[in-house]
Amino acid sequence: MNLTYDVIVVGSGPAGSTAAWRLAKAGVAVAVIEKAVLPRYKTCGGGIVGRTIRALPIDLRHVIEQECRTAQMNLLPEGHSFTTHRRTPIVSMTMRDQFDFTLLSAAQEAGAVVHQRCALEGISSHDDGVEVATTSSSMKARFVIAADGALSTVARKIGTADGRILIPALECEVTAPQDLLDTFHGVSRFDFGWLSDGYAWVFPKRRHLSIGVLSMTRGKDLKSSMTRYLDRLGCGSVSRIEQHGFVIPVRPRRGPFIDKRILLVGDAAGFADPVTGEGISFAIQSGLMAAQALIDGQLTEKSVRQAYARTLAETILPELRIGRWLARLLYHAPRIRSWAFARHGQRLCEAVTDVMSGTRTYRELVFRPQSLLRLLTPHGDTKSGYQPAPPHDG
Ligand SMILES: Cc1cc2nc3c(=O)[nH]c(=O)nc-3n(C[C@H](O)[C@H](O)[C@H](O)COP(=O)(O)OP(=O)(O)OC[C@H]3O[C@@H](n4cnc5c(N)ncnc54)[C@H](O)[C@@H]3O)c2cc1C
């Protein structure tokens, strides 16, 4: 069977489903191909930060298990602890099976054709379109959006330059006793410094806790860090613990992000936040941007290519560049981190909370007056002797 569409989206995570939703709404003939059948478990904290909720015009209320208006951020070896509060949720807690299913259903209701249990196996690009071979049929489209996650088969098959940094992260779904659930009710907790170059987190869900650790260094075994963390939280003896591991791309591909009528979005492009590892925001943002470039470019190769490259260069890419610079300070400069938290900890945590909430961007934090750059530069602090070179803007 040979099916023909305007656009084929590979993968129905947040990037793929929102792209398909936007295209279908605009009347574009779009199909989503997905190797799994949704709803399915996905290794993820399921924390949807405020900036995502703000950017997403799809109703998610029924999949939000808990709203956290308080964030607790600790710097562990030093024993600093800071708490921030907001009127609107800083992080909304979901389980990805339901969250992803809601986004895919919205795309389907808008008119997208969905092929599940259908894995992409081959792809070839031509002057007038793209051919896709899947486990169930072959298909053709004028464009393909690669939203197939961190291990993207599409990017590998078409030979896109990589250059991403894929860091390990581990997630435990813990059926905790009620007193522990009460302790974390409405609070998202981040323990920086639990690993020398990473952090641990507790995200409260309706009836359990999602507890995770990540390291900014590749190839680290996180299992012992996780065991110690569970013990510290008082979850060591809990009998029902499910453990899952995966990778997060904290540096984008070298690009190009659109080539041969194929647009890369989300983790396939390497668009997770380098400071927090949070990837859903930029997955959704890039999915929507890819769709908009196709719509504005009227499915014409040159116009679409220019529109997508321009919009990424003006928005996500500079944000990630500055995020990487901040992440280097946070995870790879322990003396400056310790100095900065001791002196300005509350302001730093308020700043990170603003970014998560979507009220400020990393660019605004660094380049506006009273910026982080000033806070993080220990003028006259001869002990540290550290002067971070400012990142390039744009
Ligand atoms: C332990 C852990 C915790 C995390 N916690 C958070 C968090 O709390 N908040 C947050 O924002 N981010 C978090 N992230 C990151 C987040 O999970 C990802 O950044 C996000 O899922 C990226 O979305 P995506 O749509 O690009 O890709 P994905 O969500 O990975 O979706 C890709 C889809 O493509 C499908 N697919 C893959 N290959 C094929 C193929 N060949 N053919 C057809 N379909 C295919 C997959 O089945 C999948 O459905 C976490 C990551 C990890 C590892």
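Points worth noting:
- Across segment 316-328, rounded Karplus estimates of 3J(HN,Hα) from the backbone phi angles (6.51 cos²θ - 1.76 cosθ + 1.60, θ = phi - 60°) give 5, 5, x, 5, 5, 4, 6, x, 5, 5, 5, 5, 4 Hz, Gly and Pro being marked x.
- Sites listed here are trypsin sites (Lys or Arg not before Pro) in segment 17-79 whose DSSP assignment is loop and whose Cβ has at most 15 other Cβ atoms within 10 Å: 40.
- Of the beta bridges in the chain, as assigned by DSSP with both residues counted there, near 70 percent are antiparallel.
- Under 5 Å, built H, 5+ apart or other chain: amide partners of residue 138: 3
- Simple spin-label estimate for residue 197 and residue 117 gives 4.3 nm between the two label positions (7 Å along the Cα-to-Cβ direction from each Cα).
- Burial ranking of peptide ranges 250-261, 326-337 (average Cβ count within 10 Å, highest at the top): 250-261, 326-337
- Relative contact order of the chain, pairs being alpha-carbon contacts under 8 Å that are 6 or more residues apart, as %: 20 percent
- J(HN,Hα) series, segment 113-122, from Karplus relation 6.51 cos²θ - 1.76 cosθ + 1.60, nearest Hz, glycine and proline x: 8, 10, 10, 9, 6, 9, 9, 5, 10, x
- Linear extension gain, residue 156 paired with residue 231, 0.36 nm per residue minus alpha-carbon span: 23.0 nm
- Exposure proxy ranking, count of Cβ atoms within 10 Å, fewest first, for 21, 339, 201, 325: 339, 325, 201, 21
- Segment 171-212 versus segment 250-328: alpha-carbon centroid distance in Å: 30 Å
- Label-to-label distance, residue 301 versus residue 242, with points set 7 angstrom from Cα along the beta-carbon direction: 4.5 nm.
- Positive-end residue, the chain charge dipole about Cα centroid, Cβ charges, pick of 290, 50, 4: 50
- Residue separation of residue 6 and residue 41 scaled by 0.36 nm, minus their Cα-Cα distance, works out to 9.6 nm of gained length.
- Our compactness index for the chain, the C-alpha radius of gyration over the empirical 2.2 N^0.38 Å, is 0.99.
- Taking θ as phi - 60° and the Karplus parameters 6.51, -1.76 and 1.60, the scalar couplings of segment 340-348 work out to 5, 5, 5, 8, 10, x, 5, 5, 5 Hz in sequence order, x denoting glycine and proline.
- Modelled this way, with points 7 Å down the Cα-to-C-beta line, the labels at residue 85 and residue 328 are 3.8 nm from one another.
- Net lengthening on full extension, residue 338/residue 76 (0.36 nm per residue, minus Cα-Cα): 93.3 nm
- Theoretical FRET efficiency, 1/(1+(r/R0)^6), r = Cβ-Cβ of residue 206 and residue 128, R0 45 Å, to 0.05: 0.35
Each value in this text was obtained by applying a stated rule to the coordinates, not by laboratory testing. Everything numeric here is computed off the predicted structure, so don't read it as measured data. When we count neighbours, we look across all protein chains shown, and the Cβ atoms used for this are built from the backbone with ideal geometry, even at glycine.
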